[in-house]
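Read the structure below first, then the notes.
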Amino acid sequence: MNQVMLVTGGSRGIGAATARLGAAAGYGVCVNYRGNREAAEALAEEIVAAGGRAIAVQADVADEGEVVRLFERVDRELGAVTALVNNAGILEQQCRVADMDAARLTRLLAVNVTGSFLCAREAIRRMSTAQGGNGGAIVNLSSVAARVGAPNEYVDYAATKGAVDTFTLGLAREVADEGIRVNAVRPGIIYTDIHASGGEPGRVDRLKDSVPMRRGGEAEEVARAILWLLSDNASYTTGTFIDVTGGR
Ligand code: NAP
């Protein structure tokens, strides 16, 4: 069967690591991105140069029309999606709840929650055996923040990841008899540029001693868990979570 992976937010970090491992495992890969076209296209070219199949496609996952067009482009250029990685996620400048405004909350919810729902909807329409598809698998990127709440930093972000957890549970049960498995990975503190987006590029090094393994994680260590959940090795696994946190 033609295996096709769509990684949202694949231009860097955990998404880029997942796209690389996916291509090496034989998936045709769509590297979705919102802003960094250069990085996404360079990654797709790297995969193709190594003998794989890949395309880079711009789309904001929070925009319904752009999500629909993203999946249609994947249909045309790689084939229908069989593996969706709902990885695109944002956080905002660290601050306390007392200082959060509605615009910030709306942005976070739109990308982290609405974006995951919209992409899952398009994937289900293609994967569901009840709609003529051949099944598939979805992995959502949650966070350890869903469990610990991220006080004084990003309670809003943590709450969107709590929503991703509940979404994972509900959707997994909704489509379990339609050939679709839905799981989530909850990374801990991983070396990527997301921390700079929150205003603290050195965050992982500041917090790493509080991790039982006494180090931050690498993007590829998260990607390996994602690949396992997508693979047939996880054929009886749905509606569950892998924490990739060094014990945190
Ligand atoms: P990152 O380095 O900041 O990368 C985020 C990616 O998402 C980028 O490729 C970015 O693309 C893309 N993106 C952002 N908004 C988008 C949108 N609206 N539509 C499409 N793409 C969008 O993040 P990361 O650290 O790899 O995190 C990946 C996922 O893991 C996120 O869901 C994050 O919440 C979760 N996570 C990360 C950590 C961690 O410590 N790093 C911990 C727990 C959970 P452009 O740059 O091209 O716009």
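The values are calculated or read from the model by the stated rules, or taken from the named source; none is laboratory data. Small disclaimer: the values here were computed from a predicted structure and weren't measured. Heads up, the Cβs are rebuilt from the backbone with ideal geometry, glycines too, and the neighbour counts pull from every protein chain shown.
Worth a mention:
- When residues of segment 219-244 are limited to those that are touching a strand residue (DSSP E or B) at 6+ places or on another chain (Cβ under 7 Å) and assigned to a loop (DSSP other than H, G, I, E, B), the one nearest to N152 (Cα to Cα): T240
- Sole residue being in contact with a helix residue (DSSP H, G or I) (Cβ under 6 Å, 6 or more places away or on another chain), assigned to a strand (DSSP E or B) and away from the ligand (no atom under 16 Å from the Cβ), chosen from A80, A137, A130: A137
- Unique residue being more than 14 Å from the chain's Cα centre (by Cα) and at pLDDT 95 or above when the list is G198, G202: G202
- Checking segment 30-53 against the condition returns no match, with no residue being in contact with a Lys or Arg (Cβ under 9 Å, 6 or more places away or on another chain), over 30 Å from G216 (Cβ atoms) and surrounded by fewer than 22 Cβ atoms within 10 Å (Cβ to Cβ).
- Within segment 188-214, residues that are of a type in the set (S, T, Y) sit with their Cβ atoms under 8 Å from residues that are away from the ligand (no atom under 11 Å from the Cβ) and modelled with pLDDT of 95 or more, at 6+ positions apart or across chains, in these pairs: S197/E92.
- Entirely in segment 150-210, the helices (runs of 4 or more DSSP H) that have 2 or more residues that are β-branched (V, I, T) and surrounded by 20 or more Cβ atoms within 10 Å (Cβ to Cβ): 155-175
- Of V61, V57, all but one fail to be of a type in the set (A, V, I, L, M), modelled with pLDDT of 95 or more and within 6 Å of the ligand (Cβ to nearest atom); the exception is V61.
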